[in-house]
Structures are given as structure tokens and as C-alpha cells.
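Participant: Supplied in C-alpha cells, the structure appears directly below.
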Amino acid sequence: MSTSKKIEELISYSRILYDRKLLHATGGNTSVRDGNDVWISQTGAELGSLTEEQVVRVDLHGTIVEGQAPSKEMGMHLAMYRARPDAGAVIHAHPTHAITLSTLIKEGSSDAIRPYTAAFYVRAGRVPLIPYHGSGADSLHAAVEELAADYHALLLRQHGLIVAGSSMAQTLGMVEEIEQCCQISVASGMKGEWLTEAQCRDIDQALGRTWKT
């Protein structure tokens, strides 16, 4: 895909995230990989009206190649790209139910979101919870870096999600499945039946994936 198409895709999906209320106001940030560089939304940009002028090109170490100041959450994005060579896009969103659930569950869980649906588990698999860190804090970026190689979706306490996928379309799909599963969890009072360990193991085996324990 050409650079111009990558930027168009970034802008298009950023607006979809806003329209579907997966983020609000100037919250959240998005990026796409372009070879050894990354295009990321500018700091303070409202993703619902993101323009080409509000997209910044950086290398995988955070050096600005083109544009103005990148998102203050750039460190999370770059951690995902460096740890996951197959990642073509990263979304940091603020979905309401995901944030709600993050306030209700204990820290230290490697599977913080219960798999109420197979669609969720196929797309997202295990999603760990990262304890609260201030927005843009180096400690948050370091916490993401520690888990990025083992999980492609992370729940951030009182903050939202950081998700990496092969494309913006796949990454958005993961965000939506995670948010729906969080909504089911909150609506059910975290009760009801979710997939069994055996059922999750069958899905993992079919997809040829394993998880850090």
C-alpha cells in the first residue's frame, strides 16, 4: 500500500472510531506502519475530524521525520511495533465499557476480560490488565513494552485499550469485539457463563497460538 493510501486509511478509521463512540473529544490516538516508519495522529488532535496535516511521521525510536508533535502516547504505539513485526496498525481507544470493566477487576490478571463470545476470543484472545498510570507517562509506555511481545491487546485501568493488528480494519475489529465483551461483562454483573478453558484451548490450537503464563 502506498504512503498516501496508508494516511487515508489512518484518517478514515480514526473517524470511524469517533463515530462509533469508541473514543471521545481529543482522547485516543491511532497509527499505521509505513516500512521502518510510523504515521501517528498528532497530539491534541480530535480523531473525528483528523486531517492529513495532523498526521506525523516518526521512526521506530520516536524521532520525528515529518510533521509536528506526535501523540504523547506514541511510546505505547512504538512498543507494539517494535515487539510485533507483523503489526501494521495500532489503536489506542477509550471505549466506555472497557474502561468501566477495568475499574471493577483486580490487577495482575493476564486474562482480565472473560471470553463471553467465541468471536471475542478468536480476535483478541487473552487481554491482560495494566495497572493505572498517568496518560503519557513513561511508566505506562514501559508497562506496555513489557507485555507487547506476548499480547496484541492490553486493557489499561481507568484509561482504555491499546491494540495492534495487521491492518486498521483488523485492529478496529478487535477493539469492537473487546468492547462488546466488556459490555456483556458489565451488564451481567460479571456473571453468566463464558467459554471454558477447553473451548479457549481448542481455539488457540486451531489458530496456532500460545500465551505467556
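Participant: Within segment 136-164, track down each residue that is touching a residue at least 24 places away in the same chain (Cβ under 8 Å), over 17 Å from LEU22 (Cα atoms) and not in a helix (DSSP H, G or I).
Facilitator: Within segment 136-164, GLY136, ALA148, ALA149, ASP150, TYR151, HIS152 qualify.
Participant: Return a yes/no flag: does segment 98-114 have any residue that is in contact with an Asp or Glu (Cβ under 8 Å, 6 or more places away or on another chain) and either basic (Lys, Arg) or at pLDDT 95 or above (or both).
Facilitator: yes
Participant: What's the total number of residues in segment 17-31 that are polar (S, T, N, Q) and within 13 Å of HIS159 (Cα to Cα)?
Facilitator: 1
Participant: Kindly provide the set of residues from segment 29-44 that are touching a Ser or Thr at 6+ places or on another chain (Cβ under 8 Å) and either buried (at least 24 other Cβ atoms within 10 Å of the Cβ) or hydroxyl-bearing (Ser, Thr, Tyr) (or both), ordered by number.
Facilitator: Within segment 29-44, ASN29, THR30, SER31, VAL38, TRP39, ILE40, SER41, THR43 qualify.
Participant: I've got another one for you. Take the residues in segment 38-89 that are touching a residue at least 40 places away in the same chain (Cβ under 8 Å) and in a strand (DSSP E or B); name whichever of them is farthest from ARG15 (Cα to Cα).
Facilitator: The extreme case among them is VAL38.
Participant: Looking at this structure, is PRO95 surrounded by fewer than 23 Cβ atoms within 10 Å (Cβ to Cβ) and either at pLDDT 95 or above or not small (Gly, Ala, Ser) (or both)?
Facilitator: Here the answer is no, as PRO95 does not meet what is asked.
The values are calculated or read from the model by the stated rules, or taken from the named source; none is laboratory data. Quick caveat: nothing in here was measured; it's all calculated off a predicted structure. Cβ: placed from backbone, ideal geometry, glycine included. Neighbour counts: every protein chain shown.
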